[in-house]
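No value in this document is a laboratory result; all are computed from the given coordinates. Computed from a prediction, not measured in an experiment: that's the story for all the values here. Note that we place each Cβ from the backbone using ideal geometry, even for glycine, and neighbour counts take in every protein chain shown.
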Amino acid sequence: MSKRKNPADTYNKNANFCDFLMELADYEKNVSRNIHKYNAYRKAASVLAAHPKKIESGDEAKKLNGIGEKIAKKIDEFIQTGKLRKLENIHQDTDAQAISLLTRVSGIGPVKAAELVRNGIKTIEDLRNNENKLNHHQLIGLKYFEDFERKIPRSEIQEIETMLQKKIAKIDCNYTITICGSYRRGKSESGDIDALVTHPTLKVSEGKKKHSEVFLKTLVDELKIDLVVDVISIGDTKFMGVCRASSESTARRLDIRLVPHEQYYCAVLYFTGSDVFNKTMRAHALEKGFTLNEYSLRPVGITGVPGEPVPISSEEDIFDYIDYPFKKPEERNM
Ligand code: 8DG
Ligand code: CA
Ligand code: CA
């Protein structure tokens, strides 16, 4: 029954609760645009997914960190009736369904989706008949809609990782590339590819812009030969685009970020996620008097003003500074 393909995809005894909580979370993000409720549902789902035992009642769930009265009630309703009125109503709401569908197109956010639906554009076919209403990113999202809906198997990301490593080494063998996101957390499949690149001479301060500009353009030109098939955007430090492992392969979303050397481990930590894990770790850092983000770890003085970033030369350093037991990437799937 359990599809245990990979140690990181551990078996979840509360998967049916997690499914409805994640559906409610997506509704809050895309339709209601209530980011607090979105976070609350995701936190609850993550706590339930990590719980070793099947939950039998709302009261039992409420004992877990991150589950309050309202979610406990929904768990009881689901246990008793096998469904949720709130979700049934959402399923009946055709505009809500249309907004949810359109936000699955890369580049279309909740605001744009709502605007399209207000204008009577509610399906992928409608989008294809109204391309003049879309920007470049959204057009790419539409072009590859079916491909981007497919998960990327781990083996394919490994293949793309090797190609990227070879291309980068051809430019300069001192570049390092790390594929982060769910791939680094050991998942057997991923939604997209999140790559980080650094170089020992890449500094926050001097000459960063020049260095980056030349490097990313050079790299992307190299990748266009046999990997990258479309560019969404390219700046000094960030490339967003589309790649195919080979000419017959499914098109995949690929992001590459160029990061200064001294910020690399904070970036690797941040882009490895999961985002629920990041939130938990950031909250812990604050309790220990530090502020942590994708760039740096800084002590917060009594005045509340962050000081200079502390020097960091590994992910472990970050955990050590804030006295948080080290978690391997595969243990960050919350
Ligand atoms: P997936 O692609 O397989 O669906 O999962 P993922 O790799 O975990 O998610 P992602 O959306 O590609 O984001 C990559 C990491 O970036 C994520 O694990 C943690 C970090 N991250 C946050 N907040 C946000 C955010 O608001 N947007 C994005 N794109 N990334 C974020 O912590
Ligand atoms: Ca990802
Ligand atoms: Ca991503």
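Extension gain, SER155-ASP172: 0.36 nm per intervening residue step, less the Cα-Cα distance, totals 3.5 nm. When the alpha carbon gyration tensor of region 271-331 is reduced to an equivalent ellipsoid, the three semi-axes, largest first, read 19, 12, 10 Å. Which is the longest part of the chain that has none of the chymotrypsin sites (Phe, Trp or Tyr not before Pro) sitting in a DSSP loop with at most 14 other Cβ atoms within 10 Å? It runs 12-325. A simple spin-label model places the labels of TYR11 and LEU87 2.2 nm from each other, with each point 7 Å out along Cα-to-Cβ. Of all DSSP-defined beta bridges confined to the chain, some 80% are antiparallel rather than parallel.
Could you calculate, for region 136-243, the ratio of the Cα radius of gyration to the Kirkwood radius, expressed as Rg to Rh? Ratio value, two decimals: 0.97.
Two decimals is fine: what is log10 I(q)/I(0) at q = 0.14, 0.17, 0.21, 0.25 Å⁻¹ for region 1-92, from a Debye sum with one equal scatterer on every Cα and no solvent? Log10 I(q)/I(0), no solvent term: -0.50, -0.73, -1.06, -1.33.
Distance distribution note for region 98-143: the fraction of Cα pairs above 13 angstrom is 43%. Both radii come from the Cα set of the chain: Rg as radius of gyration, Rh as Kirkwood radius; their ratio Rg/Rh reads 0.98. The helix-based estimate of mean residue ellipticity at 222 nm for the chain, built from -39,500 (n - 2.57) per DSSP H run of four or more residues and divided by its residue count, is -14000 deg cm²/dmol to the nearest 500. Extending 7 Å from the Cα toward the beta-carbon at both ILE79 and SER247 defines two label points whose distance is 5.9 nm. Placing +1 on each Lys and Arg Cβ and -1 on each Asp and Glu Cβ, with no other charges, gives the chain a dipole about its Cα centre of roughly 460 debye.
If the label point is 7 Å along Cα→Cβ of ASN130, which residues in region 87-111 have backbone nitrogen under 19 Å from it? Backbone N within reach: 93-111. So what does log10 I(q)/I(0) come out to for region 159-198 at q = 0.18, 0.22, 0.26, 0.36 Å⁻¹, using the Debye formula with one equal point on every Cα and no solvent? Log10 of I(q)/I(0), two decimals: -0.50, -0.70, -0.87, -1.23.
Quick one: compute the contact order of region 98-143, relative version, from alpha carbon pairs under 8 angstrom and 6+ residues apart, as a percent. Relative contact order comes out at 45 percent.
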